[in-house]
Each structure stands twice: as structure tokens, then as C-alpha cells.
Amino acid sequence: EGEEFYEASPYEPVTSRLSDIFRLASIFSGMDPATTSRSNHCLDAAKACNLNDNCKRLRSGYISTCSRELSAAEPCSRRRCHKALRQFFDRVPGEFTFRLLFCACKDPACAERRRQTIVPSCSYEDKDKPNCLDLRGACRADHLCRSRLADFHTNCQATFQSLTSCPGDNFQACLGSYAGLIGFDITPNYVDASTTSITISPWCSCKGSGNMEEECEKFLRDFTENPCLRNAIQAFGNGTDVNLAPKIPNPAVTALPKAEKIPALPDDVDDSNTAADSGVIGTCTSLQEQGLKPNKSKEQNLCYSEAQLTTDVMPDQKTFTDPKGGSRRHREIRILLLIPVLI
């Protein structure tokens, strides 16, 4: 198979591109600009978790486990810490876990809180950084970690054939796959408390890779220089998503112009999707006034003409009877019947 081969994800695909989780994020990020500019979104996420009994219990559980010092030589039980983290991310809804992991920050204090979400001193950092290929090998030796890594490569592998650099422009699938890696030896995290750039990496390096250095760097770049993962994190933190038109629209169809890549918005800007939705409704309404019928599909915002609907939706009904053509045919038959009589 070769070491560069990406295994297919064994999990069911996430089909919902614009999920309720993103809609919830847009509500919190689109609050009053005067208060939003001063707010700490990561602190707000922690407060929201504390208001939910299940989230509060499991979050307190992993923080307690990962912060418990065993001895001077062993600051914590990393195995138990990872198990508690896996339970938290597997059992708590994404509306709470995603807000903790991907909250938007405008100051270092907020970004440091975001970095400390998974208690990195126990779950992430270690005395020495292992080689990334050794870390990947250890992950592949565990069937669960191997499946989660394959899921990450499937949903977060950068592609230049989409506006967002994500496969199928599916931010939710990428973020879910990222969260699924937390609680294993290959756990990724923010490398610093920077607010200007987001850099994600597992705790490893490519030193000592020998003739495998190129492959090691390629694996590491899947995290550190991944535009799909970075765009997905920024989009969730800002409560934004994309609204795409079909890649190859039918010439007979009046389609909305393709939405351009939504940039990361600052915290003091209302970035809800209300304006985009109202624009779609207004366009289809104006088309209805001109005698066009809107398509009711949830995935595509298109308006089809009546003739196009007749051709595409009812392919068996493509022929029409011309009344003038029918009378002309009857005259030709009468002429043919008179020829023998004249002879």
C-alpha cells in the first residue's frame, strides 16, 4: 500500500454541511458588537458547559483526572487522562465540545484558555518530542486510533477543488474528525496562544527521520499547514459557513451566483447567515413574479422555469401536439384518397 496511502474512513459520512452547531455558533458570535469585542468566547463556552449537567460532570472529570499529580517523576496518569477526554468528546454534544475547542479569540488570554482546554501538560505535552512517524505507527497499531486517523484524513484532507479547501465543503465533518483524535497518543492541539494565526500539531517532530524525512514532513503538514482544518476552525469560531451553488449549472436554469469564500470575521461584526438567507428568498420571489417556479430542494437554491421542469421532472412528456400541424395532416390524407378516383 505504501506509507503515503490514506486509508478510507470506516465511519458514516457526515452529510449535513450547515448544521445546527454552526447556527448556534453564529448566534453567540453575532451578539451586540460593543459587548462582543470585549468578550472571551472561550470563557463563555466554559460557562455554557457548566449550565449543562452532562457537560459539566464529564468536563470536571477529565480536568480532575488530567491535573492529578501522581509523583514528582510522573505528574499525571496520561492513560487515564486520555480515557477521560475520549469519554467527554464522545458523550457530550458538539454544541458544547466544539465551542470549547474552536472558540474565536482576539486576545492572548482567550487563546491560552483555548489551548488549555484539553489540559495539555498531561494529555498533549511530554518531556521529549517523539518522531512523527513513530507516533503515527503507534496510532496505526491501535484499531480505534487508526480508524480515527483515517477519518481525519478523509474529512480534512486539503483539496483545491472546493471553495473551502475541504472535501465537499463540509466543515462539520472535518471538525468532528479532529475532535475524534483527542484522547490518543496522536492528540493534536494549538501550538501557541497566537490570535493572528492558528497552528495545529500533534506533539512530535521530524528530527531523526533519516531517508523518511520527506514523508514525515508530509504527515506533519496535514496538521500544521492544512487550509481545510484552519478554515473550518475559523468558520466555526466566527459562526460562518458557505452557501454553494452547483458546480455545473444547467444552461436552461437561472442559478444564483456562486458564493465566494467567506473570510474570517472579527468578533465585533455580526456574522449571522440571516442576510444570505433573505437574499435567496428575495431572488426566488422576484423570479416567481416573472412566472418562474422555485425549486424546493434544501441543498440547492435554484429557480427553474416551467418548461425546464416539464423536461427534467417529467421526461416522458417531451412531445407536444401542434393543432395546426394536425389539420394539415388531415388535408394530405384526403388528397391521397382522391387520386384513385380521378384515375
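The values are calculated or read from the model by the stated rules, or taken from the named source; none is laboratory data. Just so it is clear, the model here is predicted, and its values are computed rather than measured. For neighbour counting, all protein chains shown are included, and Cβ atoms are generated from backbone atoms with ideal geometry for every residue, glycine included. The accessibility values were calculated without ligands, DNA or RNA, using every heavy atom of the protein model including side chains. Shrake-Rupley method; radii C 1.70, N 1.55, O 1.52, S 1.80 Å.
One residue stands out among those in the stretch 45-88 that are more than 18 Å from Leu144 (Cβ to Cβ), charged (D, E, K, R) and free of Cβ contacts under 8 Å to residues at least 12 places away in the same chain: the one that is surrounded by the most Cβ atoms within 10 Å (Cβ to Cβ), which is Lys56. For the stretch 193-205, taking the residues that are in contact with an Asp or Glu (Cβ under 9 Å, 6 or more places away or on another chain) and open to solvent by 50 Å² or more (accessible area, probe 1.4 Å), the one that is nearest to Cys42 (Cα to Cα) is identified as Thr195. Just to be sure before I move on: is Gly176 more than 12 Å from the chain's Cα centre (by Cα), under 27 Å from Pro108 (Cα atoms) and surrounded by 20 or more Cβ atoms within 10 Å (Cβ to Cβ) in the structure I sent? No; evaluated as a whole, the condition is false for this residue. In the stretch 204-220, the residues that are free of Cβ contacts under 8 Å to residues at least 60 places away in the same chain reach residues that are open to solvent by less than 80 Å² (accessible area, probe 1.4 Å) with C-beta atoms within less than 6 angstrom, at least six apart or across chains, in these pairs: Glu213/Cys206; Glu217/Cys206.
Residue-level analysis places Cys105 among those that are outside any helix (DSSP H, G or I) and of a type outside the set (Asp, Glu). Per the listing Thr164, Thr154, the residue uniquely β-branched (Val, Ile, Thr) and open to solvent by 50 Å² or more (accessible area, probe 1.4 Å) is Thr154.
Would you pick out the residues in the stretch 89-113 that are without any contact (Cβ under 8 Å) to a residue 60 or more places away in the chain and open to solvent by less than 20 Å² (accessible area, probe 1.4 Å)?
Of everything in the stretch 89-113, those that are without any contact (Cβ under 8 Å) to a residue 60 or more places away in the chain and open to solvent by less than 20 Å² (accessible area, probe 1.4 Å) turn out to be Val92, Leu100.
Within the stretch 45-81, the set of residues being of a type outside the set (D, E, K, R), over 19 Å from Arg113 (Cα atoms) and not in a loop (DSSP other than H, G, I, E, B) comprises Asn54 only. Taking the criterion of being over 24 Å from Phe236 (Cα atoms) and polar (S, T, N, Q), the residues of the stretch 61-98 that qualify are Ser64, Thr65, Ser67, Ser71, Ser77.
Checked against (1) touching a residue at least 60 places away in the same chain (Cβ under 8 Å); (2) crowded, with 19+ Cβ neighbours inside 10 Å, Glu125 passes all but a single condition, namely (2).
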